[in-house]
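Structure record follows, encoded as structure tokens.
The values are calculated or read from the model by the stated rules, or taken from the named source; none is laboratory data. Given the structure is predicted, the values throughout are model-derived calculations rather than measurements. Counting neighbours? That spans all protein chains shown, and the Cβs are built from the backbone with ideal geometry, glycine included.
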Amino acid sequence: MSFQSSLNVSVSGMAAQRQRVNTISENIANASTTRTPQGGPYRRRIVTLAAVSNDRTFEEELRSQQRSLDTATEVKVVGISQDNRAPILRYEPGHP
């Protein structure tokens, strides 16, 4: 793995983690939101990450650069899903 490609893995991983942290901060900020524009309570969002690896065979990889077969080339966000569990019902007399 060249120096440049190892930096690309790090950069893509940091970008994916930034998306994950942004989603977590949105979840924390809206944790007590009881009514969204759609009318229901806020549902937390979950980020799913995946490693993208090269698709070469061992022989192709060995001949090209003499490096390991299982090196990941990138980390990407596969999707952001919504948690569909039932919301926690809590009695709060002071809440409007």
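Worth pointing out:
- Pair list, Cβ under 7 Å, 6 or more apart: the range 15-43 residue assigned to a loop (DSSP other than H, G, I, E, B), other residue aromatic (F, W, Y): N30/Y42; T33/Y42; T36/Y42
- Qualifying residues in the range 1-42 (those that are surrounded by 14 or more Cβ atoms within 10 Å (Cβ to Cβ), hydroxyl-bearing (S, T, Y) and closer than 30 Å to G94 by Cβ) - the one modelled with the lowest pLDDT: Y42
- Subset tally (residues that are under 20 Å from T48 (Cα atoms) and either at pLDDT below 80 or outside any loop (DSSP other than H, G, I, E, B) (or both)) for the range 72-96: 11
- A count restricted to the range 43-69 and to residues that are in contact with an Asp or Glu (Cβ under 9 Å, 6 or more places away or on another chain) and modelled with pLDDT of 75 or more stands at 6.
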